[in-house]
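Everything below concerns the one structure shown next.
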Amino acid sequence: MIIPHATPSLSICRAVALAALTLIVVPACGDSEPSNPALSAEERQRLEQHVSELEARVAELEAQVAQQQQDASASQKEMEELTGKLDEVSQDLADARELLATQDWQGVLVKLDEAKAQISALETRIAGLDGTLELKAGLSFGNEPFALDQQYTSSTGEKLTFTELRYWLTNIQLIKQDGSKVALADSYYLMELIKEQNVEGGAESGPTPRPKLPANRRESVSVASVPAGVYTAIEFSIGVDPTHNDDLSLQAGELHTLKNMTNLTWMWFTSYIFTKTKGQYVAVDGSTGIFAWETGTNADYRTTRQTFSTPVTVNAKKRVSVNLRADVSKLFTQLSPSTTSTINAGQTDARATLSNGFRDMFSVVAVENTDRW
């Protein structure tokens with residue numbers, strides 16, 4: 001919390017101190033030397049209290065700078081400059097305490113004014129530093145929590161049980177009030193709910209065991225170094241942009257070929273798999289089977305925008321958490337596993353429909369914009 005720059009105690013104390021200084025500067029008639037009357041114990045206590053308040057503000061700023069260093073949200077040069085300025089303010093306040101001891105009231109007021117001005121400038125500067133974003137896309141099936149090996153019923157009456165769900169959430173952008181976009185660097189994240197599985201492409205047996213991907217549930221991402229600003233919406237994509245999708249050697253964010261999310265068996269396609277949806281179904285007529293749906297060509301790349309109910313502020317002092325719902329049932333409004341059990345490179349229309357389903361499954365639950373300190 002920022003302490004107001006002018007407190008009642010300081011105003012009273014300043015008035016008293018200035019009155020005393022007037023007596024010092026303008027001597028009484030007939031006096032050849034100016035007098036230097038001492039302040040009362042109460043007046044001195046008020047000055048000491050204000051020094052303590054400013055010291056507390058400096059301590060808060062030091063904690064904020066330390067957090068910025070931990071988050072790596074500012075450059076080393078910026079951190080060094082901020083630390084140097086804080087040291088200067090601390091020295092001014094230390095000098096003010098020494099001047100209090102010698103009853104140099106004018107000197108105390110000068111040091112306090114210098115310290116207040118520097119603290120105000122530092123607060124403004126720190127508030128303009130990068131902030132952080134928490135983005136959560138909680139999985140559900142309609143109004144039910146989503147889990148593997150749990151049966152759900154689609155809108156067409158089919159019974160569905162899932163064994164894997166994965167998708168790339170990429171290229172996050174925040175939208176400013178004027179409509180301009182701020183891209184978040186290296187924002188390539190693999191969202192997933194999977195069981196343990198072997199990494200594809202290795203030998204089945206041999207002296208070196210095939211590496212495994214551990215079972216994992218990943219529904220949220222944390223983004224540091226978010227440019228300070230006021231934003232009204234968030235935009236992100238499902239899949240990998242053509243630049244990276246067409247060249248698997250390019251690395252960004254979490255993109256990697258050893259995550260079982262590359263198309264190495266899609267005929268002539270060599271690219272990332274954008275989405276994976278796998279499981280079993282029980283059709284309305286009672287027949288059963290498995291389904292495996294994948295997307296991954298450049299035509300399958302989709303972007304969604306989620307608008308906030310009110311603008312949010314992002315900076316070093318404000319934390320933003322965007323909570324979305326990712327409703328898996330949206331994938332099955334126009335597709336049926338019993339009629340289309342496999343979707344891959346050969347099913348252009350089905351891939352397009354499935355890609356639209358992933359784009360449309362997101363909705364805003366809540367957006368929190370809270371103070372970090």
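Each residue in region 331-357 was checked for being in contact with a Gly (Cβ under 8 Å, 6 or more places away or on another chain) and closer than 22 Å to GLN173 by Cβ, and 1 pass. When THR307, THR313, THR257, THR265 are checked against the criterion of being hydroxyl-bearing (Ser, Thr, Tyr), under 30 Å from ASP349 (Cα atoms), outside the structural domain of LEU122 (by TED's automatic domain parsing) and at pLDDT 90 or above, THR307 stands alone in meeting it. Of all the criteria given as (1) surrounded by fewer than 16 Cβ atoms within 10 Å (Cβ to Cβ); (2) farther than 30 Å from SER338 by Cβ, the one not satisfied by THR232 is (1). The strands (runs of 3 or more DSSP E) found wholly in region 114-191 and carrying at least 1 residues that are within 19 Å of PRO227 (Cα to Cα) occupy 131-141, 159-176, 181-183. The residues on offer are ALA185, ALA96, and the sole one that is surrounded by fewer than 16 Cβ atoms within 10 Å (Cβ to Cβ), small (Gly, Ala, Ser) and free of Cβ contacts under 8 Å to residues at least 60 places away in the same chain is ALA185. Looking at SER336, SER321, SER249, can you tell me which residue is in a loop (DSSP other than H, G, I, E, B) and under 30 Å from VAL182 (Cα atoms)? On inspection, the qualifying residue turns out to be SER249. Of (1) surrounded by 15 or more Cβ atoms within 10 Å (Cβ to Cβ); (2) of a type outside the set (Gly, Ala, Ser); (3) in a loop (DSSP other than H, G, I, E, B), ASP285 satisfies all except one. Which? Tallying (1) surrounded by 15 or more Cβ atoms within 10 Å (Cβ to Cβ); (2) of a type outside the set (Gly, Ala, Ser); (3) in a loop (DSSP other than H, G, I, E, B), ASP285 fails exactly one: (1). Every residue in region 322-373 that is touching a Lys or Arg at 6+ places or on another chain (Cβ under 7 Å), charged (D, E, K, R) and within 20 Å of GLU192 (Cβ to Cβ), please. Answer for region 322-373, where residues must be touching a Lys or Arg at 6+ places or on another chain (Cβ under 7 Å), charged (D, E, K, R) and within 20 Å of GLU192 (Cβ to Cβ): ARG359, ASP360. Only one of the numbered conditions (1) surrounded by 13 or more Cβ atoms within 10 Å (Cβ to Cβ); (2) at pLDDT 80 or above; (3) touching a Phe, Trp or Tyr at 6+ places or on another chain (Cβ under 7 Å) is violated by GLN64, and that is (2).
In region 147-160, the qualifying residues are those that are surrounded by fewer than 16 Cβ atoms within 10 Å (Cβ to Cβ) and hydroxyl-bearing (Ser, Thr, Tyr), and the one that is modelled with the highest pLDDT is THR153. If I filter region 347-362 for residues that are of a type in the set (Phe, Trp, Tyr), in a strand (DSSP E or B) and over 29 Å from the mean Cα position of the chain (by Cα), do I get at least one hit? Within region 347-362 (the criterion being of a type in the set (Phe, Trp, Tyr), in a strand (DSSP E or B) and over 29 Å from the mean Cα position of the chain (by Cα)), the answer is no, since none of the residues qualifies. Within the span defined as region 84-94, one or more residues are over 30 Å from LEU39 (Cβ atoms) and assigned to a helix (DSSP H, G or I).
The values are calculated or read from the model by the stated rules, or taken from the named source; none is laboratory data. Quick caveat: nothing in here was measured; it's all calculated off a predicted structure. With ideal geometry, Cβ positions are generated from the backbone for all residues, glycine too; neighbour counts draw on all protein chains shown.
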